[in-house]
1. Is it true that some residue in the range 56-63 is buried (at least 16 other Cβ atoms within 10 Å of the Cβ) and under 16 Å from Thr32 (Cα atoms)?
2. Taking the range 102-112 as the region of interest, how many residues are assigned to a strand (DSSP E or B) and either surrounded by 23 or more Cβ atoms within 10 Å (Cβ to Cβ) or β-branched (Val, Ile, Thr) (or both)?
3. Do we have any residue at all in the range 21-42 that's of a type in the set (Asp, Glu), in the same structural domain as Asp98 (by TED's automatic domain parsing) and modelled with pLDDT under 90?
4. Of Leu129, Leu95, Leu116, Leu160, which residue is among the hydrophobic types (A, V, I, L, M, F, W, C) and not assigned by TED's automatic domain parsing to the domain that holds Lys12?
5. Cβ-Cβ below 7 Å, separation at least six or inter-chain, first residue in the range 46-75 and within 16 Å of Lys147 (Cβ to Cβ) and assigned by TED's automatic domain parsing to the domain that holds Asn30, second in a strand (DSSP E or B) and basic (Lys, Arg): which pairs?
6. Can you tell me which of Leu208, Leu203 is in contact with a Phe, Trp or Tyr (Cβ under 8 Å, 6 or more places away or on another chain) and not assigned by TED's automatic domain parsing to the domain that holds Thr102?
7. Being touching a residue at least 40 places away in the same chain (Cβ under 8 Å) and among the hydrophobic types (A, V, I, L, M, F, W, C) is the filter; apply it to the range 145-176 and report the residue that is surrounded by the most Cβ atoms within 10 Å (Cβ to Cβ).
Amino acid sequence: MKKYVPLLKRTKLFSGAGDDDILSMLNCLNATARAYNKGEYAFRQGGYIRDLMILAEGRLHIQKEDYWGNLNILNEIRPGEMFGEAYIVPNSGALMNDVIATEASTVLFFDIDRILTACPSACPFHTQLLKNMFYTISEKNKSLVQKLSYMSARSTREKLLSYLSDEAKRQNSSSFSIPFNRQQLADFLSVDRSAMSGELCKLRDEGLLGFHKSEFTLYEV
């Protein structure tokens with residue numbers, strides 16, 4: 001677990017912690033690591049979890065497939081991001097979505113009961129960890145609101161422009177890469193792939209953007 005300390009120092013959950021603090025907390029919180037192969041489900045809809053998790057390596061998609069096989073990508077988890085917090089409350093019920101590794105991935109698990117109760121070892125960072133968890137959950141809620149803004153757009157064109165505009169702002173560059181291929185982007189925005197590809201070509205022809213695979217450039221008009 002020691003090799004993950006540099007990563008954890010960069011996470012919001014362990015913000016402000018030193019190496020010794022993190023090593024102490026890893027032991028206190030009974031932290032474990034689990035590896036997943038590309039295409040392997042980390043969790044399936046209907047399952048249960050009782051741990052808070054941080055992605056250490058790789059990429060995960062939180063997705064949902066309906067009865068007819070239509071896929072909707074709800075979120076992508078990147079290294080250093082926390083997830084699973086929606087199900088750590090007692091009686092929160094079974095998982096509503098699947099979590100799948102889109103590349104070889106490693107997930108760190110933290111015992112939520114040990115996070116929420118007084119630390120028997122009196123770890124000095126424990127109180128700050130609880131504050132950090134609250135702040136991180138608040139930021140994730142803002143991300144969900146942002147996703148809802150894409151979904152509430154009336155057309156495929158509006159959804160694309162809204163998402164790409166936010167990515168340019170997030171990466172502070174008019175040229176940027178997105179974490180999705182074409183099908184994944186269509187699933188993320190809940191649009192038809194062919195219609196979306198057509199809109200991208202129209203936007204390119206209108207001089208609003210350029211693209212190559214997952215690389216995009218937005219142009220001023």
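1. yes
2. Summing the residues that are assigned to a strand (DSSP E or B) and either surrounded by 23 or more Cβ atoms within 10 Å (Cβ to Cβ) or β-branched (Val, Ile, Thr) (or both) in the range 102-112 gives 5.
3. Yes, the range 21-42 contains a residue that is of a type in the set (Asp, Glu), in the same structural domain as Asp98 (by TED's automatic domain parsing) and modelled with pLDDT under 90.
4. None of the others qualify; the one that does is Leu160.
5. So the pair list comes out as Asn72/Lys64; Leu74/Lys64.
6. Only one candidate passes the filter, namely Leu208.
7. Leu160
The values are calculated or read from the model by the stated rules, or taken from the named source; none is laboratory data. Note that the structure is a prediction, hence the values are computed from the model and not measured. Here Cβ is always computed from backbone atoms with ideal geometry, including for glycine, and neighbour counts include all displayed protein chains.
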